[in-house]
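First the structure, in the form of structure tokens, and then the observations on it.
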Amino acid sequence: MRYLPKSPADRKEMLAEIGVASIDDLFSTIPAEYQFKRDLAIPRQHGESEIIDRFREFANQNATGYASFLGAGVYRHYRPVLIDTVVSRGEFLTSYTPYQPEIAQGTLQAMFEFQTMICELTGMEIANASMYDGSTGAAEAIMMAVRVTGRDGAVIARTVHPEYREVVATYAQHQEIPLTEVGYAENGRVDLAALDAAITSDTACVLIQSPNFFGTIEDVAAIADIAHKKGALLIVSIAEAISLGIVKPPAEADIVSLEAQSYGVSPSYGGPFCGVIACKEKFLRQMPGRIVGETKDMDGKRGFVLTLSTREQHIRREKATSNICTNQALVAMMTTVFLTVYGKEGMKDLAVQNLAKAKYAADTLGKGAKVLFEGAPRFHEFVLDHGEDAEAANAGLLEKKIIGGLPLSKWYPELGPNASLWCATELTTKAQIDAAAEGLK
């Protein structure tokens, strides 16, 4: 049980059993000056119904009537109710690792179908089902490229999500992988000349994001040509998976690191999310995590097994390609249901709707501000220069129940304090966009 209530008599009996006079005696080894002695102003205990009422009040204060234009790696999309109906079934919700395939066929098949759909979307040949999220997936992809090439350096575009780059830096410092960053051109895409100059004979891979952090779609083919000419692999990170409904898949890449949160996983205050690595089949043995494969049972019927599982719980630790991978089958199940509900035509229609909403938002908000990085295609995010401090503009919008874009000066000081990243998805209404434009005025 998560909570075991104890009466005063229960506590007295437990203390007597372990031979101490009071709970304070349990902390006697902590120096007195470090012990917390102040009385806390804790309100009276509440009944369950009262607590539920209070949280409903908080929810109304936080959510009701607010329009949000935040994106930046976490996206609000409609979640079909069928998702929770399926994943709440006990056999899915309570299962962990499918160690025994004979009794885990449902879970294994769901993971197999997930991998198959990811390959169709990304243009890759194989995919795993066991990364935590897009940021750790990008870091794992770099480590994978180092193992494949035998080189030890990585070139990363500054247009990759800044928090992804922070996670990569955390990995790289103890893996002793040198990192080199390259900037962006006036259109918000990677500076191809700077990229070409940054790749050396020691470079294992190039990491880009498309659509990138500014919402701009990179020229993947041109970047792949530059990387491959110098013997480096190309890793494409995708933080907004809905884009694959209309954006050409990065088939020129060697490895794709995908954040599948948009496929039916709620924002959930930032996680848990659904990371995936997909790649060319020739890199199979260096892929972290696990791959579910199709087989036949003794009677010749279709079945599923863990074909590859290179994590430390399955093989000797020194042989593992990663120690961070886990069984993300529950969130992978959410994305599988999402993709099944929408289908190929539905995914395209959804992506077109996101594209159209962002186009209208950029045109409407751009009348009183400046849209940066014109001249290259973008999906459903864009950078807006307000002509005034972005934080101040957001504070004014919040009074009108509008959550504005993400100020960018923390990560891109060269853009100044007025720049912010705005996002519009299918859940953003025309009325909300018009209200935001009026609010900015």
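Key figures for this structure:
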read-out: nm² value of the averaged projected area, convex hull over the Cα atoms of the stretch 81-338; value: 14.2 nm²
read-out: Mean-position separation - Cα centroids, the stretch 375-397 and the stretch 98-164, in angstrom; value: 32 Å
read-out: Alpha carbon centroid spacing (whole Å) that separates the stretch 265-296 from the stretch 333-373; value: 24 Å
read-out: Largest-first ordering by accessible area, 1.4 Å probe, given options I433, I126, I246; value: I246, I126, I433
read-out: For the chain, accessible area per residue (1.4 Å probe, heavy atoms of protein chains only), Å²; value: 51 Å²
read-out: Semi-axis lengths, Å, the stretch 8-60, gyration tensor of Cα atoms, sqrt of 5 times eigenvalues; value: 34, 18, 8
read-out: Cα-Cα over 18 Å, subset of K282/K344; K400/K430; K248/K348; K248/K357; K367/K400; value: K282/K344; K248/K357; K367/K400
read-out: Helical contribution to [θ] at 222 nm, DSSP H n ≥ 4, -39,500 (n - 2.57), averaged over the chain, rounded to 500; value: -11500 deg cm²/dmol
read-out: Note, ³J(HN,Hα) from phi for the stretch 400-406, Karplus 6.51, -1.76, 1.60, rounded to Hz, x at Gly and Pro; value: 9, 6, 10, 8, x, x, 8
read-out: Average projection area in nm² (convex hull over Cα atoms of the chain, one quarter of hull surface); value: 28.3 nm²
read-out: Of all accessible heavy-atom area on the chain, the percent that carbon and sulfur account for (1.4 Å); value: 54 percent
read-out: All-pairs alpha carbon distance profile, the stretch 397-441, 5 Å steps from 0, percent; value: 5, 19, 25, 22, 15, 11, 1
read-out: Karplus 3J(HN,Hα) series, Hz, for the stretch 333-350 with 6.51 cos²θ - 1.76 cosθ + 1.60 (x for Gly, Pro); value: 4, 4, 5, 5, 5, 4, 5, 5, 5, 6, x, 5, 5, x, 5, 5, 4, 4
read-out: Tail weight of P(r) past 23 Å, computed on alpha-carbon pairs of the stretch 98-216, percent; value: 42 percent
read-out: Most to least packed among 112-123, 297-308, 49-60 [average Cβ atoms within 10 Å]; value: 112-123, 297-308, 49-60
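The values are calculated or read from the model by the stated rules, or taken from the named source; none is laboratory data. Since this is a predicted model, take the numbers as computed values, not measurements. Counting neighbours? That spans all protein chains shown, and the Cβs are built from the backbone with ideal geometry, glycine included. What goes into the accessible areas is simple: the full protein's heavy atoms, side chains included, and nothing from ligands, DNA or RNA. Shrake-Rupley method; radii C 1.70, N 1.55, O 1.52, S 1.80 Å.
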